[in-house]
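Everything on this sheet refers to the single structure shown next.
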Amino acid sequence: MAKTVVVIGTEWGDEGKGKITDYLATRADVVVRSQGGNNAGHSIFFAQKKFALHLIPSGIFNPKIMNIMAGGMVINPKALAKEIDNLIKQEITDFQLYISDRAHVVMPYHLELDRLYESLKNENALGTTKNGIGPAYADKATRLGIRFGDLIHKDSLFRQVNNALAFYNPVFETFGKNTFSPEQITEEYYIYGQMFEKYITDTSILLDKAIKADKYVLFEGAQGTMLCLDHGTYPFVTSSSPTAAGVPLAAGIAPQYIKEVVGVTKAYSTRVGAGVFPTEFEDEITKYIREKGHEYGTTTGRARRIGWLDMNVIRHAVRINGLTGLAVTLVDVLSEIKELKICIAYELDGKIIDYIPGNYDEYKRCKPIYDSFPGWDEDITQIKNFEALPENCINYLKAIEMLSGTKITVLSLGPDREQTVILHNYF
Ligand code: IMP
């Protein structure tokens, strides 16, 4: 059995990674969030209560699980304090949380910059979550960033904040925005440093030890492959690398430690925010899927765009991530739809292509080529094994395996943990 499992979204996020992660987390010793920030989000039901997690890893409800927020993350201390506070208010007080001293801090001016960039782009705006994620990662690259470990060293905190604001305050002034005081920010964020000091450590060392001690380590992905800064639909992407290759870098572990990579794939597709989405459609079925699948963003509440499953996208994710299995989610949402479609290739300027064009305008010109599949009427939410599924559902799932060249290892037939069919034991 694998000791390290990476959960990756194969599309544009919101594939149901949260549910698969929660399921696997019950068997893990360590749960790691390696990239992104509070642009992600999923709800967890625990002890009859609903918890919204945006930053904290999913193993937090089990006191035996070590939860790691790794160095590739960008963390907003205010949002983290709120999340921890919410746990404590709901009597989750016994937990193990570790925050990498290398993780970058999302500062208040990053949120302002995110809003400013978006407003200046007008109709080309990305539709970001406006959580300052892009500007925080940009500062990491421009070397103006603040790292979590800096929060407990007032001098280096002030130096870095001052460097950043020497550049950004004149920008804010130019655009008629309020400027920020480096002294005030340093005072405020130093207090966060004191608050979080007990969690801050070199998480790479912890992880290395855990892996060498043969612990079960689960890396929970955020966003999805098509939102990857390198391999997604650039520039309509997030600013980190939500791919399997991104995990060792972001978590600070050796790449050969990654054993299994499960790609979470929705039985249809969705996307929030702007950007190319070839299989998007808008009709009665869209409304049916959106309502039945609760296709509204966990972080922003925005209605998600809906499309048919796109095998060019899934094959791209299989290749980029080296997926060892697919977890197909929300299959139950497709019950009672007469005809289902799967995009098998694109037509681009009269040519049939089976890949994702790198150039954004070329990608926008791609037209999906579909195969049709008869749907099924039965409610499948209580089914416990693959063979008991309606024949048309089995055919649809087998087509996904055949067209992706990847085995389905998990099926999700409803939101509860019990509504999961496991075809391969990960832990
Ligand atoms: P940002 O990550 O807030 O900068 O947003 C960039 C793009 O990624 C936008 O289109 C967002 O809607 C999208 N995005 C970011 N995080 C998620 C997520 O967790 N699920 C789905 N889309 C996301």
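Here, each number is a calculation from the coordinates, and none is a lab measurement. Please read all numbers here as calculations on a predicted model, not as lab measurements. Virtual Cβ from ideal backbone geometry, glycine too; neighbours counted across all protein chains shown.
Among 379, 150, 29, which one moves the most in a GNM of the chain with springs linking Cα atoms closer than 10 Å?
For the chain, modelled as a Gaussian network with Cα springs under 10 Å, the answer is 379.
Quick one: net charge of residue 158's neighbours, Cβ under 13 Å, K/R +1, D/E -1?
Counting the neighbours of residue 158, the net charge comes to -3.
Would you mind pulling out the separation of the Cα centroids of segment 282-303 and segment 1-49, in Å?
21 Å
For labels at residue 130 and residue 188 in the simple 7 Å Cα→Cβ model, what's the distance in nm?
The modelled label-to-label distance comes out at 1.7 nm.
Within 11 Å, Cβ to Cβ, of residue 380, how many net charges do the neighbouring residues add up to if Lys/Arg are +1 and Asp/Glu are -1?
-4
Let me spell out the model: positive unit charges on the Cβ of Lys and Arg, negative unit charges on the Cβ of Asp and Glu, origin at the Cα centre of the chain. What dipole size does that give, in debye rounded to 20?
Dipole size: approximately 740 debye.
If I take the Cα coordinates of segment 261-317 and project them onto the principal axes, what are the three extents in Å, biggest first?
Extents along the principal axes: 28, 25, 22 Å.
Using 0.36 nm per residue, how much length does the chain from residue 294 to residue 86 gain when fully extended, once their Cα-Cα distance is taken away?
Once the chain is fully extended between residue 294 and residue 86, it gains 72.5 nm.
Over 28 Å between C-alpha atoms is what I'm after, so list which of 64/407; 338/367; 64/292; 17/384; 140/364 land there.
Violating the 28 Å limit, Cα to Cα: 64/407; 64/292; 140/364.
Round to a whole angstrom and tell me the spacing of the C-alpha centers of segment 366-400 and segment 96-165.
About 44 Å separates the Cα centre of segment 366-400 from the one of segment 96-165.
Provide the gained length on full extension for the span residue 26 to residue 230, in nm with one decimal, where the gain is 0.36 nm per separating residue minus the Cα-Cα distance. Walk me through the intermediate numbers first.
Working: separation 204, 0.36 × 204 = 73.44 nm, distance 3.19 nm.
Length difference between fully extended and current span is 70.3 nm.
Positive end of the charge dipole of segment 131-288 (Lys, Arg +1 and Asp, Glu -1 on Cβ, about the Cα centre): tell me which of 217, 171, 146 has its Cα farthest that way.
Most positive-ward Cα: 217.
How much FRET efficiency would the formula 1/(1 + (r/R0)^6) give for residue 385 and residue 46, where r is the Cβ-Cβ distance and R0 is 30 Å, rounded to 0.05? Working shown, then result.
Details: r = 27 Å, r/R0 = 0.89.
Step by step, r from the Cβ atoms, then E = 0.65.
Are there GluC sites (Glu not before Pro) in segment 250-297 that DSSP marks as loop and that have at most 12 other Cβ atoms within 10 Å, and which are they?
Counting only loop positions with at most 12 other Cβ atoms within 10 Å, the GluC sites (Glu not before Pro) in segment 250-297 are 282.
Distances over 28 Å make up what percent of all Cα-Cα pairs in segment 266-422?
19 percent
Expressed as a rounded percentage, what relative contact order does segment 105-196 have, with Cα pairs under 8 Å and six or more residues apart? Spell out each step's value before the answer.
Numbers: 87 pairs, mean separation 23.3, N = 92.
Relative CO of segment 105-196 lands at 25 percent.
Give the cross-link partners of residue 177 among the aspartates and glutamates, using a straight C-alpha distance below 14 Å as the criterion and excluding same-chain residues fewer than 8 apart.
112, 114
Could you state the number of Å between the C-alpha centres of segment 58-91 and segment 215-261?
20 Å
Determine the relative contact order of the chain: mean sequence separation of Cα pairs under 8 Å and six or more apart, normalised by residue count, in whole percent.
Computed value for the chain: 20 percent relative contact order.
Need the full-extension length gain, residue 121 to residue 153, defined as separation in residues times 0.36 nm minus the C-alpha distance. One decimal, nm.
Length gained, residue 121 through residue 153: 7.9 nm.
Sequence neighbours fewer than 8 away in the same chain don't count; with that in mind, list the aspartates and glutamates whose C-alpha is under 12 Å from residue 215.
Partners within reach: 29.
Which ordering of 249, 207 is given by a fewest-first count of other beta-carbon atoms within 10 Å?
Sorted ascending by nearby Cβ count, the order is 249, 207.
Sort 211-220, 317-326 by packing, meaning the average of other beta carbons within 10 Å per residue, with the highest value first.
Answer by packing, highest mean first, reads 317-326, 211-220.
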